[in-house]
1. When you go through GLN187, GLN192, GLN175 one by one, which is the residue that is open to solvent by less than 100 Å² (accessible area, probe 1.4 Å) and polar (S, T, N, Q)?
2. Does LEU527 meet the test of being closer than 25 Å to ARG555 by Cβ, under 43 Å from the mean Cα position of the chain (by Cα) and buried (at least 24 other Cβ atoms within 10 Å of the Cβ)?
3. Is there any pair linking a residue in region 513-530 that is closer than 18 Å to ALA584 by Cβ to one that is open to solvent by 10 Å² or more (accessible area, probe 1.4 Å) and acidic (Asp, Glu), with Cβ under 8 Å and at least six apart or on different chains, and which?
4. What are the pairs, 6+ residues apart or on separate chains, where a residue within region 310-322 that is of a type in the set (Val, Ile, Thr) has its Cβ under 8 Å from a residue that is outside any loop (DSSP other than H, G, I, E, B) and open to solvent by 20 Å² or more (accessible area, probe 1.4 Å)?
5. In this structure, is ASP524 in contact with a strand residue (DSSP E or B) (Cβ under 9 Å, 6 or more places away or on another chain), outside any loop (DSSP other than H, G, I, E, B) and among the charged types (D, E, K, R)?
6. Do we have any residue at all in region 409-431 that's more than 23 Å from TRP591 (Cα to Cα), open to solvent by 20 Å² or more (accessible area, probe 1.4 Å), in contact with an Asp or Glu (Cβ under 7 Å, 6 or more places away or on another chain) and assigned to a helix (DSSP H, G or I)?
7. Are there any pairs, at least 6 apart or on different chains, whose C-beta atoms fall under 6 Å, with the first in region 548-565 and more than 24 Å from THR624 (Cα to Cα) and the second assigned to a helix (DSSP H, G or I) and open to solvent by 50 Å² or more (accessible area, probe 1.4 Å), and if so, which?
8. Does region 385-408 contain any residue that is surrounded by 14 or more Cβ atoms within 10 Å (Cβ to Cβ), basic (Lys, Arg) and modelled with pLDDT of 55 or more?
Amino acid sequence: MPYDNRCMETLDALRNSSKGKLTYNPEGPWFIEDIHDNSDFILGLSPQPDWVYERLNHEKDASFRVIHGLSGSPCVSPSPSPSPGQEVKKEEQQLEEEEEEEEESKMEVQTADEEKPQDDPSAQTTLLSPHDTQVQGCICLFEEIHRGKAKEQLMQRQETQALVMEDIANQELEQMKRFDELKALKQRQELQRLRDLEEQSSQEALGRQEKIREKMREEYRTRAKMREAREAEVQRQREAELLRQRQMEGRERLRRLNSIQEEVLQLQLLIDPAVSQTGSDLPEYRIRGNQLCGLISEVIQASSQTQFPTPEDVSNSERALQDMRGMISSMQQEVSQALQLKKRKEEEELARQQQTVQQKAKEPVQPTPAPSSGQKVKVKKEGLQTKAEPTTLERYRQLQDLCTQCAQSFEDLNSSRDSQTKKLKMELQKAASIPVSQISSISGSKLREVFDKISMLLSGRLVQSGGKSISVTQHPQGLDFVCFKLAEKFVKQGEEEVASHHEAAFPIAIVASGISELYPKVGDLILAHLHKKCPYAVPFYPPMKDGMSFEDYQRVLGYRVEGSTAESQDSFMKRMSGMIRLYAAMIQLRWPYGNKQAPCSFGLNLGWCWLAQILDMEPLADVTATLLFDFLEVCGNALVNQYQGQFWKLILLIKEEYFKRIEAVTSTGQMGSLMRLKQFLEKCIGRREIPVPKGLMSSSFWRS
C-alpha cells in the first residue's frame with residue numbers, strides 16, 4: 001500500500017538519521033554513553049551557570065519543536081541536565097547535528113510527497129493509520145517515560161553536583177584558610193628576617209665601629225711612630241746640618257789659615273828685598289818672621305790631625321798675622337829711614353865728591369891707569385824675587401793704563417740715558433759677544449765665518465746681529481766700546497769655557513790671535529783684561545798696600561768677593577787655570593789666513609819670558625804648581641820644538657831645584673796640584689818628549 005510504503009520510507013529515513021543510531025539506555029539518559037566515554041572528566045562548576053541553564057532550556061524547546069514537527073502532535077523532549085563547560089559544548093554540537101538531520105529527513109519526506117501524482121486525492125490531506133498512530137503514541141509514551149527517568153537522574157546529578165560544589169567550596173575555603181595561614185607565616189618569616197637583618201646590620205655596624213676604632217688606634221700608633229721617626233729624622237737632619245755647618249766653618253777656618261799662611265809667607269819674602277835695599281842686616285826681623293811662619297805652620301799641622309782648625313787656631317794665626325804686619329810695617333819704616341839716611345849720606349858724599357872734583361880741577365891732572373880688560377862687574381841676585389822684572393811691570397802698567405783709557409773713552413755711551421743710545425749699545429755688545437760665544441771645537445770653515453764677522457764689525461762695515469744691521473760707525477765711541485767688550489769676552493771665555501773644557505782653549509785662542517794681528521789694540525786689551533783677572537799671567541804677585549782691606553787685597557789677587565765672602569779656593573784655581581791655558585794657547589797659535597809677514601802680537605818668546613820669570617820668583621802654595629802644570633801641558637810641546645835643549649834645561653831646573661821650593665810651601669791639603677806637576681815632569685823627562693796637548697790638531701790650521 002502506498003501508505004505502508006510511506007511509513008517504511010519514513011522509518012528507513014529515521015533509522016538512517018543520526019537520531020536513529022542513538023542507543024537508548026533504560027538505565028539512564030540518552031547521553032550517558034558520552035559520560036562513560038569521558039570517564040576522565042572532572043566535575044566542576046561552570047563560570048557562567050546562568051548562560052548554561054538558558055542554553056539548555058533553549059535546546060530543550062528546540063528538541064520539542066523537532067519532535068512535534070515529525071509526529072504532528074506536541075511532544076516534550078527530555079532536557080539535559082547541567083554539565084561542565086566541555087560537555088555542554090559537545091551536546092550543543094550534537095543537538096545542532098540532530099536538528100540538521102531531522103530537517104533533512106523532513107525535507108526528504110516532503111520531497112517524496114511532492115513526487116506523488118497530483119491527481120491522487122489522498123495526497124492533499126494525509127492522515128495516519130491507527131497503527132501508525134499507535135506506534136507514534138508508544139514512541140511518545142516511551143520517550144515520556146525516559147524523560148521522567150532522565151529528570152530523576154538529572155535531579156540526582158544536580159544534587160551530586162551541589163554536593164561536589166559544596167565540597168569544592170569547602171576545599172576552596174580551606175585553601176583560603178591555608179593561603180591566609182601561609183601568608184601570615186610568610187609575614188612572620190619576613191618580619192623575623194627583617195629583625196635578623198637588623199640585628200645582623202647592628203652587629204656588623206658594631207663590628208665596623210670596632211674595626212674603625214681599631215684602625216684609628218692603629219693609625220694613632222702609626223702616627224705616633226711616624227712622629228717619633230720624623231722627630232728622629234729632624235734630629236738627625238739637625239745634627240747633620242750642625243755637622244755640615246761645623247765642617248763648613250772648619251773649611252772656612254782652614255781656608256782662612258791657608259790665606260793667612262800665604263800672606264805671612266809673602267810678607268816674609270819682603271824682608272830680603274828690604275835687606276838688599278838698605279844693604280844692612282836686619283836679623284831680628286828675619287828671625288821674628290821665621291818664628292811667625294813656623295807658628296802658623298805648627299797650627300796648620302796640628303789642625304790637619306784634627307781635620308779642621310779650631311777658632312783658637314784661627315785667632316792665634318790672625319794675631320801672628322797682625323804681628324807680622326806690624327813687624328813689616330815697622331821694618332818698612334826703618335828701611336825708609338835707612339834709605340833716607342843713606343840718601344842723605346849719598347848726597348853728602350856727592351857734595352864732598354863735587355867739592356873734591358872742584359878742588360882737583362884747580363890742580364894739574366895726573367894720568368891714571370886704565371882698568372884691565374879682564375875685570376868685569378858682576379851683579380849677583382841673592383835668593384828668589386818677590387816682584388816681576390821692571391820691564392814686565394812697566395808693560396803691565398802700560399796695558400792697564402790703556403784699558404782704563406779705553407773704558408773712559410766710551411763713558412758717554414755707557415752712561416747715556418737716551419733710549420736709542422741704550423738700544424745701540426746693547427746691539428753693539430751683542431754683535432761683539434755672540435760670535436765669540438759661538439766659538440767651539442769646530443771645523444776651520446766655521447771659525448773663519450766667526451773671524452770674518454768680527455773683522456767686519458771692527459772694520460766699520462754693517463753686520464747682521466739679531467736680524468738687524470749694526471755698525472760701529474753709528475756712534476763716535478762705538479769702535480772703542482766694541483774693542484773693549486770683545487777683549488773682555490775673549491778673557492771671559494777662557495775664565496769659564498776653557499776652565500770647564502780644556503780643549504776649547506785652541507779655537508778661542510786662534511781667533512783671538514788672528515783678530516790681534518789685524519787690530520793690535522784688541523790684542524793689548526785682551527792682555528790687559530787677562531792680567532787684571534789673572535795677575536799670575538804677568539807674572540806678578542800684587543803686594544798688600546797700606547790701608548788696604550783684606551777683601552780688596554783678595555780682589556787684587558783675582559778672587560771673586562761678594563760682600564765679605566770670597567769664592568772657594570777650588571773655584572779660584574779653576575778660573576786661573578782656564579785663563580793660563582788660554583794665554584798659553586794664544587802665544588803658540590797664529591791665524592792661518594793672515595799676513596805671515598805682519599808682526600804678531602803674541603809669540604813663543606812671551607812663553608819663554610813668562611816661564612823664566614816665574615821660576616825666578618818665590619813659589620806660592622797651590623798656585624805655582626797648578627799654573628806651571630797647565631802652562632807646560634798646553635805650551636810645552638811648542639816651546640821644546642822652538643828652543644830644544646835650552647828648554648830641557650828649564651825642565652830639569654824645575655824638577656831638581658824649583659820643585660823642592662814648591663813642596664816646602666805646600667800644605668797637606670794642597671798636594672794634588674803638586675803631584676800632577678811631579679808626574680808630568682817625570683813622564684816628560686822619562687820619554688824625553690812633551691806630548692801634544694789634547695785638542696790641538698797637527699794641521700797647519702792650528703799651529704803657527
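The values are calculated or read from the model by the stated rules, or taken from the named source; none is laboratory data. Here the structure is a predicted model, which is why all the values come from computation and not from measurement. So basically every Cβ, Gly included, is an ideal-geometry build from the backbone, and we count neighbours across all protein chains shown. In case anyone asks, the SASA skips ligands and DNA or RNA and just uses the protein heavy atoms, side chains included. Shrake-Rupley method; radii C 1.70, N 1.55, O 1.52, S 1.80 Å.
1. Working: GLN187 fails: open to solvent by less than 100 Å² (accessible area, probe 1.4 Å); GLN175 fails: open to solvent by less than 100 Å² (accessible area, probe 1.4 Å).
Sole residue among the options that is open to solvent by less than 100 Å² (accessible area, probe 1.4 Å) and polar (S, T, N, Q): GLN192.
2. Values: closer than 25 Å to ARG555 by Cβ: yes; under 43 Å from the mean Cα position of the chain (by Cα): no; buried (at least 24 other Cβ atoms within 10 Å of the Cβ): yes.
It is false that LEU527 is closer than 25 Å to ARG555 by Cβ, under 43 Å from the mean Cα position of the chain (by Cα) and buried (at least 24 other Cβ atoms within 10 Å of the Cβ).
3. If the second residue must be open to solvent by 10 Å² or more (accessible area, probe 1.4 Å) and acidic (Asp, Glu), the pairs left are GLY523/GLU517; HIS529/GLU488.
4. Matching pairs, first to second residue: THR310/ARG253; VAL314/ARG253; VAL314/ARG256.
5. Numbers: in contact with a strand residue (DSSP E or B) (Cβ under 9 Å, 6 or more places away or on another chain): no; outside any loop (DSSP other than H, G, I, E, B): yes; among the charged types (D, E, K, R): yes.
The answer is no for ASP524.
6. The first filter runs over region 409-431 and keeps only residues more than 23 Å from TRP591 (Cα to Cα), leaving 409-430.
Retained after the next criterion (residues that are open to solvent by 20 Å² or more (accessible area, probe 1.4 Å)): 409, 411-412, 414-427, 429-430.
Narrowing further to those that are in contact with an Asp or Glu (Cβ under 7 Å, 6 or more places away or on another chain): 409.
Add one more test, that the residue is assigned to a helix (DSSP H, G or I), and what stays is 409.
Scanning region 409-431 turns up at least one residue that is more than 23 Å from TRP591 (Cα to Cα), open to solvent by 20 Å² or more (accessible area, probe 1.4 Å), in contact with an Asp or Glu (Cβ under 7 Å, 6 or more places away or on another chain) and assigned to a helix (DSSP H, G or I).
7. SER564/GLU551
8. yes
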